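These notes are about the structure you will find just below.
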Amino acid sequence: MITLNVDLSTIEERLKAIIAVLVEPYRTSGDVFTWQMMREIEAVAIQKLCESDDIDLGMMNIISVLRAPPAEIYYPNIDQPVDFGGSNCIAFTFSMIFKAYKKVS
């Protein structure tokens, strides 16, 4: 049995806070938000989250599932604007990043 030192709601709140800080420079720059930017933000956010002392191996495995895209969806790694089309099935971390970027100041 895996013992979790933190719960999922704590992970979500930490991830939101990390993402908000990482997204802000992109939001204020006026640049078009691209897939490449989204992937960079995701990688750094997950890295920062996993550096916490109270994140154990079991929680890191859960975090990796949160960032995994649904099997039927491919997310490009190109310097083109982010467009999910009409999709209602988006990787959890990408959804959080996109919402933070689109947040109205």
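The values are calculated or read from the model by the stated rules, or taken from the named source; none is laboratory data. The shown structure was predicted, so the numbers you read here are calculated from the model rather than taken from an experiment. Areas reflect the complete protein model, heavy atoms only, side chains present, ligands, DNA and RNA absent. Shrake-Rupley method; radii C 1.70, N 1.55, O 1.52, S 1.80 Å.
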Checklist outcome for this item: Sequence order, region 50-55: Karplus ³J(HN,Hα) from phi using 6.51 cos²θ - 1.76 cosθ + 1.60, θ = phi - 60°, Hz rounded, Gly and Pro as x, gives 6, 6, 5, 5, 9, 9
Checklist entry - Once phi is turned into ³J(HN,Hα) by the Karplus curve 6.51 cos²θ - 1.76 cosθ + 1.60 with θ = phi - 60°, what whole-Hz value does each residue of region 90-98 show in order, with x for glycine and proline? => result 10, 3, 3, 5, 5, 4, 5, 5, 5
Next on the checklist: Can you sort 40, 51 by solvent-accessible area, 1.4 Å probe, largest first?
Outcome noted: 51, 40
Checklist entry - Quick one: length gained pulling residue 74 to residue 32 fully straight, 0.36 nm per residue minus the C-alpha distance? => result 13.1 nm
Checklist entry - Amide H to amide H, which residues 5 or more places from residue 33 or on other chains are under 5 Å from it, using H placed in the peptide plane? => result 82
Checklist outcome for this item: Rounded to the nearest 10 Å², the 1.4 Å probe accessible area of residue 95 is 30
Next on the checklist: Could you derive backbone 3J(HN,Hα) for region 17-23 from the dihedral phi with the Karplus parameters 6.51, -1.76 and 1.60 (θ = phi - 60°), listing whole Hz in sequence and x where the residue is Gly or Pro?
Outcome noted: 5, 5, 4, 4, 5, 5, 6
